[in-house]
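The values are calculated or read from the model by the stated rules, or taken from the named source; none is laboratory data. For clarity, every value in this text was computed on a predicted model and none was experimentally measured. Neighbour counts run over all protein chains shown; Cβ positions are idealised from the backbone, glycine included.
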Amino acid sequence: MSSPTPTKKLLPGAVIVDEGSTKQTETGSWRSLKPVIDYKKCTSCMLCWLYCPEPAIGCEKPPKIDYMYCKGCGICANVCPIKAITMIQEGQK
Ligand code: SF4
Ligand code: SF4
């Protein structure tokens, strides 16, 4: 009978120790695509605010994008039910 494999102690990773720390990381420089809202179409349903993984869309109506934090993931454009958000190349507009 073989002896059990020795256990290895793993250190915890990706731990967020301070709540609200996303405000300290300006993720806007990660962006290659930029979301632009067409306010003629926007109905202020706020789904983009709900799904944005960064503090990049304020909760005021109509929503505004804070490009300091928008990392260009495109989730907002995907969830917008009326396709009011277009992803454009960074620096295009
Ligand atoms: S592209 Fe991503 S990070 Fe930027 S506003 Fe949309 S959901 Fe938020
Ligand atoms: S998801 Fe689209 S329609 Fe809804 S608030 Fe955002 S941009 Fe406007």
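A few points about this structure:
- Pairs where the first residue, in region 46-63, is closer than 11 Å to Cys76 by Cα and the second is among the charged types (D, E, K, R) and more than 6 Å from ligand 1 (Cβ to nearest atom), C-beta under 8 Å, 6+ apart: Met46/Lys61; Ala56/Asp66; Ile57/Lys64; Ile57/Asp66
- Any chance Cys70 is part of a loop (DSSP other than H, G, I, E, B), more than 7 Å from ligand 1 (Cβ to nearest atom) and surrounded by 15 or more Cβ atoms within 10 Å (Cβ to Cβ): no
- Subset of region 52-62 that is within 14 Å of Ile37 (Cβ to Cβ) and either within 9 Å of ligand 1 (Cβ to nearest atom) or of a type in the set (D, E, K, R) (or both) - its residue that is surrounded by the most Cβ atoms within 10 Å (Cβ to Cβ): Ala56
- Condition check for Val15 on (1) crowded, with 16+ Cβ neighbours inside 10 Å; (2) modelled with pLDDT under 95: one failure, at (1).
- Hey, Lys41 within 8 Å of ligand 2 (Cβ to nearest atom) and either without any contact (Cβ under 8 Å) to a residue 40 or more places away in the chain or in a loop (DSSP other than H, G, I, E, B) (or both) or not: yes
- Just one of the listed residues (Pro81, Pro35) is touching a residue at least 12 places away in the same chain (Cβ under 8 Å), more than 8 Å from ligand 1 (Cβ to nearest atom) and not in a helix (DSSP H, G or I), namely Pro81.
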